[in-house]
Amino acid sequence: MTNPYAYIIEPLDPQKPDHKFFNLKKLKDPRYDQLPFSIRVLLESAVRNCDGVLVKKEDVEKVLNWKVTQSQTVEVPFRPARVILQDFTGVPAVVDFAAMRDAVKKLQGDPEKINPVCPADLVIDHSIQVDFNRKVFAFYNLFFLSLKSTSRTQIKNQDLEFERNRERFEFLKWGSKAFRNMRIIPPGSGIVHQVNLEYLARVVSEQDGYYYPDSLVGTDSHTTMIDGLGVLGWGVGGIEAEAVMLGQPISMVLPEVIGYKLQGTPNKYITSTDIVLTVTKHLRQVGVVGKFVEFFGPGVAQLSIADRATIANMCPEYGATAAFFPVDQISIHYLKQTGRDAEKLNYIEKYLKAVGMFRDYSNTAEDPQFTQVVELDLSTVVPCCSGPKRPQDKVDVSEMKQDFKTCLGAKQGFKGFQVAPERHDVRVPFQFNGAEYSLSHGSVVIAAITSCTNTSNPSVMLGAGLLAQRAVKAGLRVKPYIKTSLSPGSGVVTYYLKESGVMDFLSQLGFEVVGYGCMTCIGNSGPLPEPVVEAITRGDLVAAGVLSGNRNFEGRVHPNTRANYLASPPLVIAYAIAGTMRIDFEKEPLAVNSQGKEVFLRDIWPTREEIQAVERQFVIPAMFKEVYEKVEKVNERWNSLKAPSDELYTWDPSSTYIKSPPFFDGLTPNSITDAYVLLNLGDSVTTDHISPAGNIARNSAAARYLTSRGLTPREFNSYGSRRGNDAVMARGTFANIRLFNKFINKQAPSTIYLPTEETMDVFDAAEKYQQAGHPLLILAGKEYGSGSSRDWAAKGPFLLGIKAVLAESYERIHRSNLVGMGIIPLEYLPGDSAESLGLTGRERYTVIIPPQITPRMTVDIKLDTGKTFQAKMRFDTDVELTYFHHGGILNYMIRKMSQN
C-alpha cells in the first residue's frame, strides 16, 4: 500500500532533492500547532510509517486528535528510530535472539529472519565493580593510552571485570558478528545513557533518504535521560525491546501530557541534583504515572542540557513515561560542544524548524496545550538529598540531622528503622590499618560519585572537584575506612577533571577513578573492609551510604548500608568528610583541621558562577572528539577476545553464564485453578526485591547451584552478570535479603510452603509447588515492580510457576514485562486491597478467564473459602492480548517469523 501521506513529502533543501522529509505543516490541520512537542514526535512516526497494516490512517487521526483522545485510553502504534541496551539487559536479549533462531530452525523457518530490523546499540557498562579503591599508582589505561595516565586501581578493577565476565563478553562479541544492525560499545567506555547523550544521539535521524526525529526505547528505565536533549525516549522491558528490534511497533496507550512550567533563577549555591530531587518529590505528589511530562517556561533556558538530562534521567523516580525538553538553541550549542558534525547540525536545526519542533522557551505563543500544567519556581529550590530508602523521599540538607534521628526511631518502613531509643547513641569501636575508630548509627561507610544522573553533568562534577580542592587546602581528609569512589560516565569527565586541575584533590580525598560504568549505583559497590562489616554487625547499626545516583532502595547499594541517600557529587564529598549523616552543616563544622580550626561547608562550597567559569574554559569539543572517535576500537582487551561467527550459537552445556532458555514452550490462556500464594507482599516491591542484581549470597539457592557446578564463592560474580543463565536467575528470584514477606513477618528471601507450613527459600518452595502441579500467585500492594527496568523480574517468576500477580498498582515497565512473559497482571478494583477484602494469602485462588478477553476487563476471583471478588486484568491494549494468547511476546514473534 502507498503511504496516504506521500503528498506531504518534500526535500529539506531544494539543492538536495534526494534528502526528503514528511512536512507535517502541509497537513494544514490547526490541531497540529496545539499538540505538545512530544506528541508531535509520535505523530510524525505514525505519518511516516503509515502502511495500512501495522500503522493505519486512523492511528494518525487518533494522535492528531490528541486533545480529545488523550482521555479515552486510545491505543496507537509507535515505531522508534532505534533501541539502546546495556549489558545486564543486553545479554539476556542476545540469549533470547540466539534461542529464537534455534526455535525458528526447528519450525523449518529461516534463522536469518531473527535479526534486528531496528538499529540497536549495546553499551557494556554494568559489569565492573568497585573491588579496589583509593590506592593510587601511576599507570596507563589501555582505553586512555593516548590521553591521560590513570590509577592502578582502575586497571585492577577492569582486569577483574574481564576475568569474571570473559564468557559473557565473548558471547556479546559473537552477537555483534552474527546479527546485523547491532553495534556494541566495549567495556570501559562509559555509562550507557551518558554515551547516548554525548555520542550516540542523532537528534534528527537520516535513513533511506529521509529525515525524521531521533527517538528510541531502551532496556534500562533511565533511557529517559536522552529526553533532556530533545530526543523522545523511554524504558521498556527487555522482552518488548526485542520485539521492536525485530520490526514490531510498540503498542501504547496515547498518554496525557503534563506541562511542567519552570520559572525563576536558581540560587547561586544550588546544583542540578537539588533541582531534580525537588522535581521528583513534586511530580510524585502530582501523580504522573503512565503520562508524559513536557517542560516549558522561561526557567528552562536557565538550564544547560546536562541539567535537563539530569532531570530527565530521574523520570522513572517520579513515575512518568517520558520527561521531554524540546530542542532549542541551547541543544544545538550542546551538540557543537560535544563535537558533532557541522553539516549535521545544519540539517538538524533546519528540519526541526520546518516541522515545528524547534522551541523558543521565551516565546509563550509557542506553548502548546497540555492536559494539566504545574509550576516550579527555581528560586525556591534548596540544597537537599533523598532517602533513606526511596528516591522520592526528599530531605532538605538543613533538616538531615533531625530527619535521620526521626527515621531511626520510627516504625519499620520507608522512613523508619525501629531502633529502640536507648540504642540511638550506641558507638562501636574497631581497628582499621592499626588505628582506632568507632561507628554509630548514621556513620557513612560508602561515599560514591557515581551514576549517569550526575556524572554526565560538568557543573556538579567540577563543583565536586572545586570543593575537594578547597577541602584539601583547608586541611580536611576523609577517614580511610570509608569506601570512596569516583566512577565517571565517560572518559570525557576524567579528561576535563584533569585538565582543570581538580583530579589530584579528588584523589587525595579518596575519590580515585575506579572505572567507567554504573558501579555503586546498581549495587556493584564491592566489599566493605571486614572490620567495618564486623562493627556494623556487632552493633546492629544503621550505617549509611551516600551516592550521586538515582536509586537507593533498601538492599540495593550494599547489604550493610541500611540507610542510603542520593545527593549531588559535592554533597557526597561533604558527607564523606563529615563521616556521618547526623550533622547540621549550617551549625556544625565539617571537621576540625590539624591546626585546630573549624571548617564549615559554607567556607569551601563553590558558587554556580565559579563552576560555570571553569566549565567554559575546560569542557571543549576537542575532548569529546578525541575520546569518542576511538571508543569502539581502543579497548585492547575487547579486541583480543575470540568469538565464533556462526549463524547459530553453539551452546556450551558446562557454562554457568550462557544457557539456552526454556521460554518457547507454547502457553494457552486457561483459567487459573486453586492457585497457592507464593508470597504475600506489601507496597513498593521493587525489581531489586524480585530479581536482585548484586552479589550472590553464599547461603542462597543460586549459590548452592553454582557450588554444585564446581564454582567457589570467589567465582560466583553477581546476579546481574549471570542473566544469561536461567538456572541461576530462577534461583535468584525473590532472593533479596530485604524482601519483606508477610507470611514470615520479617525481611528474608524466604516463604512458607503452605501445604506443610515449612519455612524455606522462595525457590525451594516454588519448586515443591511445581512438582506437585500447583499454580502460583503473588499478592502485593501499590507500585509493584517499581525501580529498574528488569526483564528477569518477569522471567524469574515465570520460571517459578507464577501465573498471575494481584496488586493494587504496577510500575509501567514491569507490568509490560509480566504481559510479555504471559503472566496475568491482576489489579484490585478501586478501594479494594488485600486488607479491605480480608485476604491472608493462605487461601487458594481460582481466576476465571472467559473465552473472549478484552483490554482491562474485570474478572471473577473465587477463593476456596467460598468468597468471591473481582479484579481488573491489566492487559491494556489489543496487542497485549495477542501476546498473551501466544504465551508471550517471544512466542508470538517466533510464530510470526516462521509463518513469514
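Tabulated data
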| read-out | value |
| --- | --- |
| Close pairs from segment 848-870: first small (Gly, Ala, Ser), partner open to solvent by 90 Å² or more (accessible area, probe 1.4 Å), Cβ under 9 Å, at least 6 apart | none |
| Residue among 233, 287, 264, 299 that alone is in contact with a Leu (Cβ under 7 Å, 6 or more places away or on another chain) and open to solvent by 20 Å² or more (accessible area, probe 1.4 Å) | 264 |
| Matching entry among 649, 657, 676, 628 (being aromatic (Phe, Trp, Tyr) and assigned by the TED database to the domain that holds residue 725) | 676 |
| Unmet criterion (only one of (1) within 20 Å of residue 396 (Cα to Cα); (2) outside any helix (DSSP H, G or I); (3) within 26 Å of the chain's Cα centre (by Cα)) for residue 573 | (2) |
| Members of segment 857-885 that are of a type outside the set (A, V, I, L, M), open to solvent by 20 Å² or more (accessible area, probe 1.4 Å) and at pLDDT 95 or above | 858, 860, 862, 864, 865, 866, 867, 868, 870, 872, 874 |
| Residues of segment 35-57 that turn out to be in contact with a Pro (Cβ under 6 Å, 6 or more places away or on another chain) and either of a type in the set (Gly, Ala, Ser) or open to solvent by 30 Å² or more (accessible area, probe 1.4 Å) (or both), as a count | 2 |
| Single residue of segment 703-722 satisfying the filter (among the basic types (Lys, Arg) and open to solvent by 10 Å² or more (accessible area, probe 1.4 Å)) that is farthest from the chain's Cα centre (by Cα) | 709 |
| In segment 1-34, the residues that are hydrophobic (A, V, I, L, M, F, W, C), assigned to a loop (DSSP other than H, G, I, E, B) and open to solvent by 40 Å² or more (accessible area, probe 1.4 Å) | 1 |
| So residue 172, is it buried (at least 23 other Cβ atoms within 10 Å of the Cβ) and within 13 Å of residue 119 (Cβ to Cβ) | no |
| Output for segment 207-243, where each listed residue is assigned to a helix (DSSP H, G or I) and among the charged types (D, E, K, R) | 227, 240, 242 |
| Condition met for residue 709 (under 26 Å from residue 99 (Cα atoms) and charged (D, E, K, R)) | yes |
| Among (1) surrounded by 19 or more Cβ atoms within 10 Å (Cβ to Cβ); (2) without any contact (Cβ under 8 Å) to a residue 40 or more places away in the chain; (3) among the polar types (S, T, N, Q) - the single one residue 700 does not satisfy | (2) |
| Listing of helices (runs of 4 or more DSSP H) fully contained in segment 440-526 that carry 3 or more residues being at negative phi and open to solvent by less than 10 Å² (accessible area, probe 1.4 Å) | 452-455, 458-473, 491-499 |
| Among (1) touching a residue at least 60 places away in the same chain (Cβ under 8 Å); (2) open to solvent by 10 Å² or more (accessible area, probe 1.4 Å), the one test that residue 832 misses | (1) |
| Complete set of residues in segment 266-318 that are over 18 Å from residue 461 (Cα atoms) and charged (D, E, K, R) | 281, 284, 291, 294, 317 |
| Options 76, 63, 91; residue that is β-branched (Val, Ile, Thr), more than 19 Å from the chain's Cα centre (by Cα) and either surrounded by fewer than 24 Cβ atoms within 10 Å (Cβ to Cβ) or assigned to a helix (DSSP H, G or I) (or both) | 63 |
| Scope segment 776-812; condition farther than 20 Å from residue 238 by Cα and open to solvent by 30 Å² or more (accessible area, probe 1.4 Å); matching residues | 782, 808, 809 |
| Matching residues in segment 550-582 - criterion: being open to solvent by less than 10 Å² (accessible area, probe 1.4 Å) and of a type in the set (Val, Ile, Thr) | 557, 561, 572, 573, 577 |
| Test for residue 212: is it assigned by the TED database to the domain that holds residue 115, in contact with a strand residue (DSSP E or B) (Cβ under 6 Å, 6 or more places away or on another chain) and open to solvent by 10 Å² or more (accessible area, probe 1.4 Å) | yes |
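The values are calculated or read from the model by the stated rules, or taken from the named source; none is laboratory data. In this text the structure is predicted, and so the values were computed from the model without any measurement. All Cβ positions, glycine included, derive from the backbone under ideal geometry; neighbour counts span all protein chains shown. Heads up: the accessible areas ignore ligands, DNA and RNA and are worked out on the full protein's heavy atoms, side chains in. Shrake-Rupley method; radii C 1.70, N 1.55, O 1.52, S 1.80 Å.
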